[in-house]
Each structure stands twice: as C-alpha cells, then as structure tokens.
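Just below is one structure, and these are the notes that go with it.
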Amino acid sequence: MKRVYVNEKWCLGCHLCEYNCAFAATNGDDMARSLMNIKINPKIHIEEKDGICFAVSCRHCENPYCVSACISGALHKEADMIVIDSEKCVGCLSCVLACPYGAISPSEDGVAQKCELCTKNKSGEPMCVKGCPNGAIVFEER
Amino acid sequence: MAIDYIFPDYEVIRNKDRCISCRVCERQCSNGVHTFLEKENKMVSDDTKCVNCHRCVCLCPTHALKIVKSDNTFKENGNWKNSTIKEIYRQAGTGGVLLSSMGNPKDYPVYFDRILLNASQVTNPSIDPLREPMETRSYLGARPKTIQRDEKGRLINNLPPHLELSMPIMFSAMSYGSLSYNAHEALARAAEALGICYNTGEGGLHEDFYKYGKNTIVQVASGRFGVHKDYLNSGCAVEIKIGQGAKPGIGGHLPGAKILGDVSRTRMIPEGSDAVSPAPHHDIYSIEDLRQLVYSIKEATNYTKPVIVKIAAVHNVSAIASGIARSGADIIAIDGFRGGTGAAPTRIRDNVGIPIELALASVDKRLRDEGIRDNVSLVVGGSIRSSADLFKAICLGADACYIGTAALLAMGCHLCRTCMTGKCNWGIATQNPELVKRLNPNISYERLVNMLVAWNHEVEEMMGGMGINSIEALKGNRLMLRGVGLNEKELEILGIKHAGE
C-alpha cells in the first residue's frame, strides 16, 4: 500500500504540512477563509529539536497497537489503511496512549482523529505531500 | 542611536484578509523580517531587513504577502538617483568598498535585444523539427590542421581531445563554497542527465562529485585552490581562469567564515582562513607564460583533455584571444560584463568590461582573419538569458555558451543580489546547513534539465525555421542576423547588416 513517508534530510520545519492538513479537513476552497483566526489541530505534526525536524503522521502499521487498544471498535483496518469511525468512538483515547508514534490526537469533538490519507475529504491525495515545498514528504509504495 | 540615512528599499505588504498567522514566513526568512506577536495573534514585518528574495512570498500558503518597491524618495534628481545617494550614505557610514552580487544590473544596451533572426519563406524550405532529425550535438576543441594518412593511405586519427555536448550549452564556473553542496550536486546531476558539462569554479571538486567526472570541467584559477593531479584528471576538461566578466582584473575573496569542514578540505586550505585569489596568476605575465601552464596541465593529464582559457571581455579582447589561440589552448571562454558573481566590488562590476555580443563578434572575426579560428573553439557567457540569446551568440561565432545566472534562476534564485551575505534563503549561495537543505537537488536537477530541454527544443524550432538542420551550419552564420536600431559602427563590429538590408 502507498504510505506517507518523511525524509528528515529535506524537512525544513516550515509547518506547511500541518496547515495543508488542517485545510484539507475543512473541505474548503480558500485556505485564508477556512483557517482565518483558527488554531489548527492537524493530523500531521512537525517534531523539532536541536536543529532536527520531521513530520509525523499515522504509519498505518501492519500490526496496529491502536486498533488492539480500541475498546469500541471505532479504529479498524480497511484494506491496509487504519481508519476511524467517529460515530463509534467513545473518546476514551486509549489509542492515543497506545500509538508509539504519537500520530493519534483528540479532535475538537472529543473523539480521536488520525490521518486517513485524505480519503475522507475532497482532496483525493494526501495534501501534506502535495504541499511540501521541498519534497520531504512522499506518498509511495515501499 | 545614530541617524539612519537610508530608508528601506522594499515594503512587505501583508494582506490582513488573507494572513492566517501560520508563521511560515517567519520560519523561512533568514534575515529575520517577520515576527509573530503572540498576544495579538498577528504577524508583523521589519522592512529594513528585507532583501526582496521572495522566499516568504513563494511559501505563503494563502498568498497574503507581496514585496513592493518603496515609493519613499529623495527629491527627484536626474543626476543624483536614489540609489546613488544611498551608496554615498552607506560608504560615509562604513568607509568600505561597496560590494554587490550577481551580474551588472545597470541599464547598458543589450545587443542581443537589438538583433533579429531570419526565417525561410518560399525560396528555401523550412524544416519541421518534430518530423525531421535536427542535430544540436556540439564538439569543442581544436580542429586538426591537416589530413594525415599512413603509408597505406588510411586516415590517421589526429583529432585533438574534444568535449562532446548534446547541446551547445554548459553550466558556467560557480565554486563549491560560493554555492552550496546541494546546488553543486544539482548542477552535476543535471549536466550528466543532459550530456553537457558543469564547471567546478575555483573551489576544487568535492570528493562526492568525482563520479560526475565525465561531465565536469575542473578549473585552475589564480588561487590554485583544490588543485592536484587527481583533480586535474577527474574532469573532462581543465579550465584556466584568467578573468571573470563580473570583476575583470581583480581576484576573489571567500571569507574565512565560509571555509569550514568540507569547503576547507576541498579547497585544501585550513579552516577559517580567508581564501584569497590573487588578481593575476603570479606565474602568468605573458602569452608565453600562459603557454607554459597550458602545457603543464596537458602533461599532467597526458594530453587527453582539452584545456580552456577563460578571460573576461575587456577592450583588447580580440588581441588577447589571438594570443590565447596560439598558446596551445583548445577552447577560449569569454565572459561578458554582465556575467554574475557571488561577490564583487560594485564599481568594478558595474563599470568594467564590455558587452559579450561585441567581444564575441570581434574575437571570432579576428581569429578568422588571422587563420587561427580552427585552433580553438569559442565559448561565451555573461548573461545568456534564453535560447534566443544562445542562438544569436552561435550565429555570431560561438561554438557553445556558458550559463550561470539562468541555471541559478532555474534552481529557485530570485536575483535579490545579496549572495555576499551568505544568508541565501533559497539554499543556493550559502553554507549554513539550515539553509542549504532548502535546496533539494532531486527537485532542482529536474528543473535544470527541464529548462535546457526546453531551450534545446526552441533552438531546433528556430533552426528549422531557417531551413538549417545542424547546429554546425549555424556557427558564425551572421547572414541569419539583422540589427535593429544599431548604428554603423555597432553593425560593423557585430558583422551584421541592418534589418531591411
């Protein structure tokens, strides 16, 4: 399956991926209108320390701890992708604790949110990848 | 605080209806123009620090930024322009020589823009390059003077070493040190992919790039930085740099602050020491001396590589070229007064040298008149901005062109002309690792390849329009050129007729 991979060597820590992620989730037409005066809560995060930076989002693990930890059956596999059914999620956030990458976070609605490779918005392709100015984030089969 | 006499050149205009305070501009500006005010949740900018490099403009995801020229002005004066007044203030404040980067930006005539090309109509058919083969492959080097045969009458191959290029373009000399590692990698990989050459400049060749040797011209300049036997033998040609169009007659100076780690190792000088290239080569004070260096290099490379001598276009360029053509050099490279640089004294850059169009025409004529044109190939640089400039240069007698600034633009350079600060926001003219990584060679090499593939298509289209299917038939073909708005003397030097003649 094609996954989002990050090459830390080329990551500039510009945080554009976070904004493209947040914008994609709004399904809007204009980033300025969609994200004006909003504190974004993206599903991809830049980790940075001591001059090293890279973006982290869901790895779509083969043996996902988050799915095992989910008490309500909200997190599950569809093909090879890990998806979340927010209707079923009870907001216990066990998945947040279980994910070794810190790729799951609470959403504004109290339920968990995670990267679903932009399949649930109108983008059609991961927008973090499309918007990365330095080719640091790629979407490919490995 | 003392009075600051100089007002900012540019204003950063932020569209408040579009700025989402994502702080990308702040993170991307190495000059510290943008700041985020946490309490007010708003971005502000300090115009005094802006160099107009457009990094923030290009990366702003909502297109909320633009940079405009400040309309603040001194009292209008045709003689004392704003820029002239500011330069006086700057010098009065610092006591220093003014420094500038990239090519001469002054409003001198651009002869390429006053030359028009011919095309076929009725009496000679044009050629469609999409349907018929077109040849842009070029060979650089001395041509054999005689046909030699062995005792059985078979041809003896007496061809001196040549450079083979898939198109008559090469990347001009830009050193590792003045450019970043990633920029050099992009140039090297693009040259390999295109089947052309790039040039190390005077900074030596990084050990990682020896593998691109067959597409590398290694340079020997007055500082002799990074020159050793393996270096000379690693490339496909050796270039002796006498002068550079942006600063004819003077040397170079890479500050010690940039001589770190790999740059120091590649240049073979201690870390932190200034790399000062003398103005002249101290062993070359005549054509005879030049001949000694040419043949020293040929000995060191076992006569397998062509030797290029690069000079700046100055007043006596044709006489100098005539001497070089007799020195044993295989290729003469001439750099016009608009050629770029990482740093040069402003007065030198803006006032010394002559236009490449005139220098090229006069050198080509002189060498032909003296019957020594076949001793050498001619390569010209100094602001070849498009395939049209390239095409016209070839018609004026060049065998190939060097492009520097155009290549940097393809990699993202926005010609802000502040290379000398070492804070290039595009990761090109800097050694700061945080900035260097902004230039991903995987992207930039592709952009370089794209640009030159496009240029080559355009050259083929123009050749086809003239009914010419080989670049060799175009070389020195001045009948294909006509001048517009040029006086008799200019036309005479260029060796072309006026439009309508």
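Quick rundown of the values:
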| read-out | value |
| --- | --- |
| Meets criteria (under 30 Å from residue B:183 (Cβ atoms) and either assigned by TED's automatic domain parsing to the domain that holds residue A:1 or among the hydrophobic types (A, V, I, L, M, F, W, C) (or both)) for residue A:139 | yes |
| Residue match in region B:439-458 (condition: at pLDDT 95 or above, open to solvent by less than 10 Å² (accessible area, probe 1.4 Å), within 14 Å of chain A (Cβ to nearest Cβ) and in a loop (DSSP other than H, G, I, E, B)) | yes |
| Region A:89-135 - residue that is among the charged types (D, E, K, R) and closer than 23 Å to residue A:7 by Cα and, of those, nearest to the other protein chains (Cβ to nearest Cβ) | A:130 |
| Residue A:52 being at pLDDT below 95, surrounded by fewer than 21 Cβ atoms within 10 Å (Cβ to Cβ) and more than 9 Å from chain B (Cβ to nearest Cβ) | yes |
| One residue from B:22, B:60, B:50 being within 14 Å of chain A (Cβ to nearest Cβ) and under 35 Å from the mean Cα position of the chain (by Cα) | B:60 |
| The listed residue being polar (S, T, N, Q), in contact with a Ser or Thr (Cβ under 8 Å, 6 or more places away or on another chain), closer than 19 Å to residue B:309 by Cβ and at pLDDT 95 or above, out of B:327, B:362 | B:362 |
| For residue B:258: the one exception among (1) touching a helix residue (DSSP H, G or I) at 6+ places or on another chain (Cβ under 9 Å); (2) surrounded by 15 or more Cβ atoms within 10 Å (Cβ to Cβ) | (1) |
| Candidate set: region B:36-47, residues that are more than 14 Å from chain A (Cβ to nearest Cβ) and surrounded by 15 or more Cβ atoms within 10 Å (Cβ to Cβ); chosen: the one farthest from residue A:127 (Cα to Cα) | B:47 |
| Wholly within region B:209-279, strands (runs of 3 or more DSSP E) carrying at least 1 residues that are out of contact with any Ser or Thr (no Cβ under 8 Å at 6 or more places or on another chain) | B:216-220, B:237-241, B:275-277 |
| Criterion: assigned to a helix (DSSP H, G or I), assigned by TED's automatic domain parsing to the domain that holds residue A:5 and open to solvent by 40 Å² or more (accessible area, probe 1.4 Å) - qualifying residue of A:122, A:130, A:39 | A:130 |
| Residue in region B:108-121 that is without any contact (Cβ under 8 Å) to a residue 60 or more places away in the chain, more than 29 Å from residue B:347 (Cα to Cα) and either assigned to a loop (DSSP other than H, G, I, E, B) or within 14 Å of chain A (Cβ to nearest Cβ) (or both) present | yes |
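The values are calculated or read from the model by the stated rules, or taken from the named source; none is laboratory data. A quick note: this is a predicted structure, and the numbers were derived from the prediction, not measured. Cβ: placed from backbone, ideal geometry, glycine included. Neighbour counts: every protein chain shown. Please note that ligands, DNA and RNA were not included when accessible areas were found on the heavy atoms of the full protein model with its side chains. Shrake-Rupley method; radii C 1.70, N 1.55, O 1.52, S 1.80 Å.
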